[in-house]
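A quick write-up on the structure given underneath.
Nothing in this text is a laboratory measurement; each read-out follows from the coordinates by a stated rule. Predicted, not measured: the structure shown is a model, and the values here were computed from it. Cβ placement follows ideal geometry from the backbone for every residue including glycine, while neighbour counts extend to all protein chains displayed.
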Amino acid sequence: MRILWLVLLTTLSGSVIAQQHADHHRDHDVVFNSAGQLLTWCEQETRAHYAGKGLATYQWTGRHFEDGNTLHAEGKIRVDGNDVPVRCRAAKGARERDAVIELAS
């Protein structure tokens with residue numbers, strides 16, 4: 001009987017820990033409140049995209065602005081000898097997963 005309780009408690013505590021991890025991850029989701037914040041995210045995501053392809057990036061330049069409730073970030077980054085235009089958009093208060101990033105090929 002003690003073993004059954006031990007197994008049950010271990011299983012339940014594992015579920016609680018897994019739930020805490022899921023909640024913890026949600027708390028760290030980026031929420032965009034300003035176009036400047038979106039610009040920083042846009043640069044980081046662009047660099048990560050090209051790093052994942054094994055390409056080095058240089059010379060990021062960008063600007064940001066708001067149009068009503070929409071945040072905009074536009075930039076240009078040098079990749080493999082070419083300047084690549086980048087555009088990002090998100091609604092004010094939107095989470096990272098809802099942002100849009102456009103990389104010209």
**Asked** Want the number for Y58 to T40: 0.36 nm per residue separation, take away the alpha-carbon distance, what's left?
**Response** 5.0 nm
**Request:** Count the net charge of all other residues whose Cβ sits under 11 Å from the Cβ of P85, scoring Lys and Arg as +1 and Asp and Glu as -1.
**Result:** -1
**Message:** Run the paramagnetic zone check for A91: 7 angstrom along Cα to Cβ, then residues of segment 28-43 with backbone nitrogen under 16 Å.
**Reply:** 31-34
